[in-house]
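Everything on this sheet refers to the single structure shown next.
The values are calculated or read from the model by the stated rules, or taken from the named source; none is laboratory data. Note that the coordinates shown come from a computational prediction; the quantities given were computed from them, not determined experimentally. So basically every Cβ, Gly included, is an ideal-geometry build from the backbone, and we count neighbours across all protein chains shown.
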Amino acid sequence: MAERGPGDEASASEQDLLAEEVLFVILSVALLVVCSVVAWQLAQLYRLLLQERSVRQFRPRAGLGLPAADLQSLLAEPAPDASECCVCLQEIEESTPSLRLQCCSHIYHHSCIVEWLRVVASCPMCRQHVGSQSEAADVGP
Ligand SMILES: [Zn+2]
Ligand SMILES: [Zn+2]
């Protein structure tokens, strides 16, 4: 930059010009930083959206059976008769009231399967239609 002139007015105008240039540079750098930060955040958001979409694609549909984690936890503590309730994912003890569906012979806690059948009239395990127990017994080949 040019040296300060002898006159006060010229020096003041040069200082104003210098201040404007400095301000312009500062604003440019700040704008660049803001743009880069916004772009980085958008990239992170896009990556998260892609991850969530992939997770949703590979997530098993609800109602098809036990999740893998629950299966592993159940295998860690097997029931004496190797039967567990698919509704509450807990083992069926001999003292607990249970109910065996006649259509598919799957066994559940009595309270669990009653609550389930109140909403969905199908076996939680194999999705077979569950009518009344007598109706299921009557239907045969
Ligand atoms: Zn249960
Ligand atoms: Zn079943």
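One table, with the values for the structure above:
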| quantity | calculated |
| --- | --- |
| Residue in region 85-97 that is within 16 Å of ligand 2 (Cβ to nearest atom), surrounded by 10 or more Cβ atoms within 10 Å (Cβ to Cβ), among the charged types (D, E, K, R) and modelled with pLDDT of 80 or more present | no |
| Flag if residue 28 is among the polar types (S, T, N, Q) and either within 17 Å of the chain's Cα centre (by Cα) or at pLDDT below 85 (or both) | no |
